[in-house]
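Asker: Provided herewith is a single structure, encoded as structure tokens, for subsequent inquiry.
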Amino acid sequence: MDINTRSRPSLFGDIAHGLGFWTDRSAVHEAAAQGRSLDLQRLIQGGAAVNIVAVDSITPLHEACIHGQTQCVRLLLVAGAQVEARNIDGSTPLCDACAAGSLDCVRLLLRYGAMVNPPLFTFSPLHEACMGGNADCVQLMIDEGARLEAHDCHFGTPLHVACARQLYDCAKVLLNAGANVNAAKLHETALHHAAKVKHVDMIDLIVEFGGNLYATDNRGKKPIHYTSKGSPAHLCLEFYENTPLSLQQISRLALRRTFGTETLNVVSKLDLPKCIRGFLSYTPPPVFYIHHL
């Protein structure tokens, strides 16, 4: 009998997850991945196992989430699919839904008890949301209590991921929520990543939120050392290194360091003019358009 079709325990075992046995991709997997909700419903009604795992420990729920098939996710969850099932890489369906940027799938999984911060996990759903580049999904994970400083030994924090992949909107959401702008991965900060990818707007953003221009990585290099002399990124970092912070910026950073993740909440309650509250909370000023008759 072929090893892929022989019944044997899954990688994590029945004791850990109750996911049945290894198999090739089943009809349930195929229907879930392709969004064939009517076929999936018929299979479920016919007694098909919703927690059957393929050779890579992927369940039909993983498949539906990977492809953002909301209706199939709903059918599987109602039928008793394991919301915390892990594939061979340790990813949960919530990780896959975040990577796909499917807000509807993410909300469904959360409603059925999916953990935003799974135990014994390094590359978290928040990392996946940043990897997928959906800023709304990143915000949803944060609103649900995702750990901003979750650390993966290869990728670092979610902020490292957003900067390395040049995802400005995701980085801004993380920073506004209080992510540690100077968190290090092998002494490498988000600003090092922004410098490496030559993303001037990202460099501006990180410096505004207090990024350390002089932090050195494990090679003893500052962010500016990863730029070419005379390039826009180099000139940007050079300007910041040679220009003292304004009193306004010092005040804003001091407030952020003091209150951390509570900064936005604190600022919103201060008895200050709206424009000053906007500055302290990194809210861009309103844009006014003049219409000519």
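The values are calculated or read from the model by the stated rules, or taken from the named source; none is laboratory data. In this text, all values refer to a predicted model and were calculated from it rather than measured experimentally. Heads up, the Cβs are rebuilt from the backbone with ideal geometry, glycines too, and the neighbour counts pull from every protein chain shown.
Asker: Yes or no: region 25-38 includes at least one residue that is more than 18 Å from Val83 (Cα to Cα), assigned by TED's automatic domain parsing to the domain that holds Ala100, at pLDDT below 95 and assigned to a loop (DSSP other than H, G, I, E, B).
Answerer: yes
Asker: Of the numbered conditions (1) assigned to a helix (DSSP H, G or I); (2) surrounded by 15 or more Cβ atoms within 10 Å (Cβ to Cβ); (3) outside the structural domain of Lys172 (by TED's automatic domain parsing), Tyr282 satisfies every one except a single condition; which is it?
Answerer: So the condition that Tyr282 fails would be (1).
Asker: State whether the residues of region 84-94 include one that is farther than 23 Å from Gln139 by Cβ, at pLDDT 95 or above and polar (S, T, N, Q).
Answerer: no
Asker: I've got another one for you. Identify all residues within region 221-242 that are part of a helix (DSSP H, G or I) and of a type in the set (D, E, K, R); write none if there are none.
Answerer: Glu238, Glu241
Asker: Can you tell which of Leu213, Leu245 is without any contact (Cβ under 8 Å) to a residue 12 or more places away in the chain, part of a loop (DSSP other than H, G, I, E, B) and surrounded by 10 or more Cβ atoms within 10 Å (Cβ to Cβ)?
Answerer: Numbers: Leu213 fails: without any contact (Cβ under 8 Å) to a residue 12 or more places away in the chain.
Being without any contact (Cβ under 8 Å) to a residue 12 or more places away in the chain, part of a loop (DSSP other than H, G, I, E, B) and surrounded by 10 or more Cβ atoms within 10 Å (Cβ to Cβ) holds for just one of Leu213, Leu245, which is Leu245.
Asker: Continuing with the same structure: Is it the case that region 64-82 has a residue that's surrounded by 22 or more Cβ atoms within 10 Å (Cβ to Cβ), part of a loop (DSSP other than H, G, I, E, B), hydrophobic (A, V, I, L, M, F, W, C) and modelled with pLDDT under 95?
Answerer: No, region 64-82 contains no residue that is surrounded by 22 or more Cβ atoms within 10 Å (Cβ to Cβ), part of a loop (DSSP other than H, G, I, E, B), hydrophobic (A, V, I, L, M, F, W, C) and modelled with pLDDT under 95.
Asker: Additional query: Is it fair to say Ala215 is aliphatic (A, V, I, L, M) and touching a strand residue (DSSP E or B) at 6+ places or on another chain (Cβ under 9 Å)?
Answerer: When the stated conditions are applied, Ala215 passes them.
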